[in-house]
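*Asks:* Have a look at this one.
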Amino acid sequence: MLMTALLILPVLLILATLIHKGGSIISAEFLFSEPTNGMTAGGIFPALYGTIWLVAVALMISVPLGVAAALYLSEYAGDNWFTRIINLAIINLAGVPSIVHALFGVGAFVLFFGFGTSILAASLTLAIMTLPLIIVATKESLQAVPHAFREACWNMGATRWQTIRKVVLPNAVSGILTGVILEVSRTTGETAPIMFTGAAFFLPFLPESVFDQTMALSLHLYVVATQVPNVPDELPYGVALVLIAIVLLMNSLSIAFRMWLRGRKKW
Amino acid sequence: MNEKAATDYAIHTDKLNLWYGTFQALFDVDLDIKDGIITSLIGPSGCGKSTFLRSVNRINERLGYVRINGSIDVMGKNIYDPDVELLQVRKQIGMVFQRPNPLPLSIRDNVLFGYNIHMRKERASRSQKDEIMEAALRQVLLWDKVKDRLNARATELSLEEQQKLCIARLLPVKPTLLLMDEPCSALDPKGTEAVEELIWELRGQYTILIVTHNMAQARRASEECIFMLMGKVVEHGQTQDVFVTPKRKETSDYIEGRYG
Ligand SMILES: Nc1ncnc2c1ncn2[C@@H]1O[C@H](COP(=O)(O)OP(=O)(O)OP(=O)(O)O)[C@@H](O)[C@H]1O
Ligand SMILES: [Mg+2]
C-alpha cells in the first residue's frame, strides 16, 4: 500500500507542478496557433500537428510489420536455432538506447536511402525503435490464446491461416491493441530519434508531405526550455503539460480498453 | 494407390513407428480397424493411445520433432502419400478430445465452423445452414437445450453440453471416422452416461475409435477392443473375447486392474 502510494506520488507531483506553472497558458488559442516572437509567445500548433504525423506514420510502418513478424514467429516458425536467434535479437533491439537508434536512422534513412531529414526518415527511425516492443506484445497476446483452440481448428481441417483469422487473432486483438497504444504514448515523448532525422527547430510552415521536415512537441519542449532566451516561464510548462496529457490519455485509454475487452472475453 | 489396403478396413496400419525426438512412443503397430463399428482402445497411461489417435489425423506433425515411419491407410488411402491432401484427410476424420474444446465463438458458429471451411463452394443459404446446424445438434441430443440461445458463447455451456457440441460440430462435414480420446473423462457420471449413450447412437453411421480408461465403458460400448502396452499392440479382437477370454497374460492383468 505504502509502496503504491510512493509510486503514485511522483506522478501526482509532476502533474501538480505542471498544472500550477503551465496550466494558465493552456487554451484553444495555445493549442491551435503558431509560435510567434522567436518562439517566446504564441501557440504550439505546428509541433502538435507534427507529432501526430510522426507517430501516425511510424505506426503505419511498425504495426503491420510487427504484427506480421509476431504471427510468423508464434504461429508458423518452429522452435529452432534460427528463430531463437531472431527472438534474442528482438529482445536486444528493445534494449538499445534511443540515441543509438537516432544515429542509425541518420545513417540509414537520411543518408543511405536519401530521404533527407524528413517525416519519413524520422518515422522510420521511430518505427524501428518500437518494432521489437510491438513484436513482443503481439507474441505474448498470441500465446495467451489457449493451444486447445488451435488444435480444435486444425482437427476440423482449418488451415493455419484460417485458424489465425477466425480464432487466434480475434482473441489476441485486445492485447495487441493495448501494446500499440502503449507504443503510441512512448513514441510521442521520444526526442533523440527524431531530432537528427526529421524534426526541426522551428518551421514557419506546416509539413505537406512525408518528405518535409516538421516540428514536434518533444523537441519543441527541449527548444523552448533550453535553447531560446527570454521565454516566459509558463510556456515550457504548458508544452510539457500538453505532452504529458497526451501520454497519460493514451495510457488510460489502453488500460480502459484492456479492461473492457477482458470483461467481454470468456473461456 | 496402395493396392494391399483392403477397403473394408477404416484404418489399416503397417509397421507404424513413431518417435518424439529420440523417445519412441509407438513400436511396429499393425492394426486393422473395421469399418462401421465401434472399436475401443485401452491400456495404461502413457502407452501411446493418444499418440496413435493423433497420428491417424496427422495432427502430431505440428510438433516439429515427431518422426514417423510405416504406413497408415484411412479408407484405403495412405494418408502419408505425397498426393494426399491433408485437409481432405482431416475432413474425413473428426476428433473429440478429453477436455471439451469448443471454440470461443457462438454455439451456431461452432457447429458450422467445419462446414464453413470445407463447403465454401456450396454457397449454402442461411436457412440451409440453419437446417444443417439443427440436424447436427439434434443428432447429439442437444437441440432442445440450446435452440433458444444459438448465439450464446459455446464456452458458457456445461461440460457435458460442450462435449456434445464438440461432437456435433464434426457432423456437418460428413466425416467417415470419429476418433475420441477419453471423451468422458472430464465429465461427471451423469454426463458420462449421456455422452456414452450418444456415441452408441452414432454407431453404424460412423466408424468410431474410442480411447477409454473405463473398462466398463469399453465393455459396454464397443464391438471390438484393442489393448496396448508400452507402445505396442498386445491384443485386438471382439470385445467379449478380449474381456472374457484374453489370449495374453498382460491383457488379463490389466483388465483385472493390476496395472496403473
Ligand atoms: N508431445 C510429446 N512430446 C514428447 N513425448 C510425448 C508427447 N506426447 C506424448 N509423449 C510420450 O509418449 C508416450 C505416449 O503418450 P500418450 O499421450 O500417447 O499416452 P496415452 O496412452 O494417451 O496416455 P494417457 O492414458 O495418460 O492419455 C508417453 O510416454 C508420453 O510421455
Ligand atoms: Mg491420452
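The values are calculated or read from the model by the stated rules, or taken from the named source; none is laboratory data. For clarity, every value in this text was computed on a predicted model and none was experimentally measured. Every residue, glycine among them, receives a Cβ derived from its backbone with ideal geometry; neighbour counts consider all protein chains shown. Note: areas computed on protein heavy atoms with side chains; ligands, DNA, RNA excluded. Shrake-Rupley method; radii C 1.70, N 1.55, O 1.52, S 1.80 Å.
*Asks:* Report, largest value first, the span of the C-alpha coordinates of the protein assembly as shown along each principal axis, in whole Å.
*Replies:* 103, 53, 50
*Asks:* Right, another one. May I ask you to find the residues of the range B:45-74 that are shielded by at least 20 Å² of accessible area once the whole protein assembly is considered instead of their isolated chain (probe 1.4 Å)?
*Replies:* By number: B:Arg54, B:Ile59, B:Arg62.
*Asks:* Students sometimes get this wrong: rank B:His236, A:His220 by accessible area, probe 1.4 Å, all chains present, largest first.
*Replies:* B:His236, A:His220
*Asks:* With a 1.4 Å probe and all protein chains kept in place, how much accessible area does B:Arg248 have, in Å² rounded to the nearest 10?
*Replies:* 110
*Asks:* Indicate, rounded to the nearest 5 percent, the antiparallel portion of the DSSP beta bridges found entirely in the protein assembly as shown.
*Replies:* 60
*Asks:* Oh, and also: Per DSSP helix of 4 or more residues, -39500 (n - 2.57); summed, then divided by the residues of chain A. What does that give at 222 nm, rounded to the nearest 500?
*Replies:* Result for chain A: -21500 deg cm²/dmol, rounded to the nearest 500.
*Asks:* Which distance in Å, rounded to a whole number, links the C-alpha centroids of the range A:116-188 and the range B:216-254?
*Replies:* Going from one Cα centre to the other spans 49 Å.
*Asks:* To the nearest 100 Å², how much accessible surface do chains B and A hide from each other in total, with a 1.4 Å probe?
*Replies:* Values: alone 12680 and 14350 Å², together 25050 Å².
Buried surface at the B/A interface: approximately 2000 Å².
*Asks:* Right, something else. Would you pull out the residues with amide H under 5 Å of B:Leu178's amide H, same chain only if 5 or more places away, H placed 1.01 Å from N?
*Replies:* Long-range HN contacts for B:Leu178: B:Gly94, B:Thr207, B:Ile208, B:Leu209.
*Asks:* For the range B:68-74, take each phi angle, set θ = phi - 60°, evaluate the Karplus expression 6.51 cos²θ - 1.76 cosθ + 1.60, and give the result in whole Hz per residue in order, putting x for glycine and proline.
*Replies:* 10, 9, x, 9, 10, 9, 10
*Asks:* For chain B, just run the numbers: alpha carbon Rg, then divide by 2.2 N^0.38 Å, N being how many residues it has.
*Replies:* Against the empirical 2.2 N^0.38 Å value, I get 1.02 for chain B.
*Asks:* Amide H neighbours of A:Ala200 under 5 Å, counting only residues 5+ apart in sequence or on other chains, H built in-plane at 1.01 Å?
*Replies:* A:Thr214, A:Met215, A:Ala216
*Asks:* Moving on. In debye to the nearest 20, how big a dipole does chain A give about its Cα centre with +1 on each Lys and Arg Cβ and -1 on each Asp and Glu Cβ? Before the final figure, lay out each step's value.
*Replies:* Details: 13 positive and 12 negative charges, 248 e Å.
Approximately 1200 debye in magnitude.
*Asks:* Per DSSP H run of at least 4 residues, take -39500 (n - 2.57); add these up for chain B, divide by its residues and hand me the 222 nm value, nearest 500 deg cm²/dmol.
*Replies:* That comes out to -9500 deg cm²/dmol.
*Asks:* For the range A:222-234, just list the computed ³J(HN,Hα) in residue order, Karplus coefficients 6.51, -1.76 and 1.60, θ = phi - 60°, integers in Hz, with x standing in for Gly and Pro.
*Replies:* 4, 5, 5, 7, 10, 9, 9, x, 6, 8, x, 3, 6
*Asks:* I'd like the Karplus ³J(HN,Hα) series for the range A:84-97: coefficients 6.51, -1.76, 1.60, θ = phi - 60°, whole numbers in Hz, and an x wherever there's a Gly or Pro.
*Replies:* Result, rounded to whole Hz: 5, 5, 4, 4, 5, 4, 4, 5, 5, 4, 5, x, 6, x.
*Asks:* Greater than 31 Å separation of Cα atoms is the criterion. Which listed pairs, B:Lys49/B:Lys77; B:Lys49/B:Lys91; B:Lys15/B:Lys247; B:Lys121/B:Lys232; B:Lys34/B:Lys91, meet it? Could the numbers behind the result be given before it?
*Replies:* Details: B:Lys49/B:Lys77 22 Å; B:Lys49/B:Lys91 21 Å; B:Lys15/B:Lys247 22 Å; B:Lys121/B:Lys232 43 Å; B:Lys34/B:Lys91 19 Å.
Checking Cα-Cα distances, B:Lys121/B:Lys232 exceed 31 Å.
*Asks:* Now, a different point. Sort B:Tyr206, B:Tyr20 from largest to smallest accessible area, using a 1.4 Å probe on the heavy atoms of the protein chains.
*Replies:* On the way: B:Tyr206 20, B:Tyr20 60 Å².
Descending accessible area places them as B:Tyr20, B:Tyr206.
*Asks:* For the protein assembly as shown, which whole percent of the accessible surface, found with a 1.4 angstrom probe, sits on carbon and sulfur atoms?
*Replies:* 60
*Asks:* How long, wide and thick is the range A:44-263, going by the Cα atoms along their three principal axes, in whole angstroms, largest first?
*Replies:* 70, 42, 30
*Asks:* Right, something else. In the range B:9-255, with Lys and Arg counted as +1 and Asp and Glu as -1 at Cβ, which of these residues, B:Met215, B:Leu18, B:Gln240, has the Cα nearest the positive end of the dipole, that is, farthest along it?
*Replies:* Most positive-ward Cα: B:Leu18.
*Asks:* Can you tell which of A:Leu12, A:Ala148, A:Gly198 lies farthest toward the positive end of the dipole of the protein assembly as shown, using +1 and -1 charges on the Cβ of basic and acidic side chains (Lys, Arg; Asp, Glu)?
*Replies:* A:Ala148
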